[in-house]
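Scroll down for the structure; my scribbles are underneath it.
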Amino acid sequence: MGVVAFVEHAVKRPVFGCRMCGQCVLHDTGMTCPMTCPKALRNGPCGGVREDGHCEVKPEMRCVWLKAEQRSRTLPLLPPSWRAHFGQLRPPVDNRLQGTSSWVNLFTGRDRQRPDGWEERADAEGPT
Amino acid sequence: MSRLRDLVEDGRSTILTGEAPTVDGGDLAAVEARVAEIASWADAVNATDNPAAHAHASNVAVAIALARLGIEPVLQVVARDKNRIACQADIVGAALHGVENVCCLTGDDVTAGDEPEARRVFDLDGPQLVRVATGLSEGRYLSGRPLELARPLFVGSVENPAAPPLDHRAQRAAKKIAAGARFLQLQICYHPDRLESFVHQLHDRGFTERAALLPTIVLVRSARVLSYMDTSVPGIDVPTETLARVEQAADQDEAAYELALEQAEHAISLPGVRGLHIIDFRHDGAVSRLCRDLGIPTKEERRAHAHRAQLPV
């Protein structure tokens, strides 16, 4: 792990529970890390959320996506474009980036590389 | 050719899909026997992918078996057990045998099953799987590598209208529709108000024009099974009063059927709902009874007349 990755982890781990996926989407998910979901889902809550809003896998934990959805609407100071991105279809995780710095990957554009067959569509956003 | 696609695109006929009971042994005849009743009504039958995280004869094997029996299959693919390479291989492999309908979902966690110590995969999630399957249908793997002579797949998914966050469920369904889902088999919902709100949100925004909504109806015989679903099946909540209604009935068997019939009548009356997805745990002819009580013609009659069910008021 490089110096930047070390610093990033030191900052984001205590605040967001960062798992160092190297392709951070916190800004699109109400500043809630989707990798803390036991299924590591990037596109919203699974159908197993309990009636009390807790996680199917860890009953003692509130569903990560419940928090994300709520925060994306209510968190103060969140830029409107970040709120609007909540409904976007996020691509599959690039597992090669695990453990690398998302800050570096953002700067170099590495985190925006997609598999050639992953077509970004204009209509990918659901209703907000 | 996918008959299910034809029905969805035609838009006139009530659509019924159903779930093939799980298969753990025997041969083709065993599959035929287990699926006979639902197949006599359903336009297409799901070959499930290790439901509730219990191992069974595989989705691909059962889908091919259904196709060989002349029953149109829906290959259910969950993201829990296999990575993106294996999921694509399953879809393309099943298509070789004529399996064109694919239903993509995230899947219950391994902890819901009888081998909770297993490794969970979730390399993709449900909406991503929908997009990947749509890409296969369009002739490319996720890597971009072309598929030669790709079969046109009919891709669908599921959504749970009753699980929190309730206000977000329609948006998540819309995301799957935007990713390429043309039908959504909705998780069984014991809260009619939640189903209604979910369907209305999608209908008002035009999404029911793009995908057929098929709410699930589960046929059970007792309050005990309802109670089991409430406590043990992820994402299903059975309200206390609903449970009590069946539990306190003189004839639980009949009360459980009446509940399913009411759910079905309500669901199919909603704008944008194109039919039902039926899961039968009774195995006593209740599928036929339900369809007759709903006024839904047999599969052959519907095929002949492309008839829209007229429901008793």
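We did not get these values from a lab; they are worked out from the coordinates using the rules stated. Predicted model only: the values in this text are computed from it and were never measured. Every residue, glycine among them, receives a Cβ derived from its backbone with ideal geometry; neighbour counts consider all protein chains shown.
If you count, for each residue, the other Cβ atoms within 10 Å and average over each peptide, how do A:67-73, B:267-273 line up from highest to lowest?
A:67-73, B:267-273
Taking a temperature of 10 °C and a viscosity of 1.306 mPa s, what whole-number D in µm²/s does Stokes-Einstein yield for region B:3-305 with Rh from Kirkwood over alpha carbon pairs?
Values: Rh = 19.4 Å.
Translational diffusion coefficient: 82 µm²/s.
Could you give the Stokes-Einstein D for region B:40-88 in µm² per second, using the C-alpha Kirkwood radius, 10 °C, 1.306 mPa s?
Taking Rh from Cα pairs, D becomes 140 µm²/s.
In Å and whole numbers, how far do the C-alpha atoms of chain A stretch along each principal axis, longest first?
Dimensions of chain A along the principal axes of its Cα atoms: 42, 36, 30 Å.
Provide B:Met229, B:Met1 in ascending order of the number of other Cβ atoms located within 10 Å of each residue's Cβ, fewest first.
The fewest-first ordering by Cβ neighbours comes to B:Met1, B:Met229.
Does region B:127-232 come out rounded, prolate or oblate by the C-alpha gyration tensor, with a ≥ b ≥ c the root eigenvalues, rounded set by a/c under 1.5 and, if not, prolate when a/b is larger than b/c and oblate if not?
Note, shape of region B:127-232 comes out prolate.
Mind listing which trypsin sites (Lys or Arg not before Pro) in region B:46-149 are in a DSSP loop and have 11 or fewer other Cβ atoms within 10 Å?
Sites meeting the loop and neighbour criteria: B:Arg119.
Once the other residues with Cβ under 15 Å from the Cβ of A:Ala5 are scored (Lys, Arg +1; Asp, Glu -1), what is the net sum?
Residues near A:Ala5 contribute +3 overall.
Percent relative contact order of chain B, based on C-alpha pairs within less than 8 angstrom and at least six residues apart? Could the numbers behind the result be given before it?
Values: 627 pairs, mean separation 54.8, N = 313.
Across chain B, relative contact order equals 18 percent.
Looking at the P(r) of the protein assembly as shown, how many percent of alpha-carbon pairs lie beyond 32 Å? Please report the intermediate quantities before stating the final value.
Numbers: 34742 of 97020 pairs.
Percent of Cα pairs beyond 32 Å in the protein assembly as shown: 36.
Beyond a 25 Å Cα-Cα separation, which of these cross-linked pairs lie in this structure: A:Lys39/A:Lys67; A:Lys58/B:Lys82; B:Lys82/B:Lys299; B:Lys82/B:Lys176?
Pairs exceeding 25 Å: B:Lys82/B:Lys299.
Add -39500 (n - 2.57) for each DSSP H run of 4 or more in chain B, then divide by its residues: what number comes out at 222 nm, to the nearest 500 deg cm²/dmol?
-13000 deg cm²/dmol
Taking the Cα atoms of region B:190-295, report the difference between the largest and smallest coordinate on each principal axis, in whole Å and largest first.
In descending order, the Cα extents are 43, 29, 19 Å.
Hey, can you grab everything whose amide H is under 5 Å from the amide H of B:His277? Only 5+ residues off in sequence or another chain; H modelled, so Pro and N-termini drop out.
So B:His277 has HN proximity to B:Thr17, B:Thr216, B:Ile217.
Indicate the gyration tensor shape class of region B:230-275 (rounded, prolate or oblate), computed on the Cα atoms with a ≥ b ≥ c the square roots of the eigenvalues: a/c under 1.5 is rounded; otherwise a/b larger than b/c is prolate and the rest oblate. It would help to have the intermediate numbers written out before the result.
Values: a/c = 2.74, a/b = 1.39, b/c = 1.98.
Since a/c reaches 1.5 but b/c is at least a/b, the shape of region B:230-275 is classed as oblate.
Given an 8 Å cut-off on Cα distances and at least 6 residues of separation, report the relative contact order of chain A as a percent.
Relative contact order, chain A: 33 percent.
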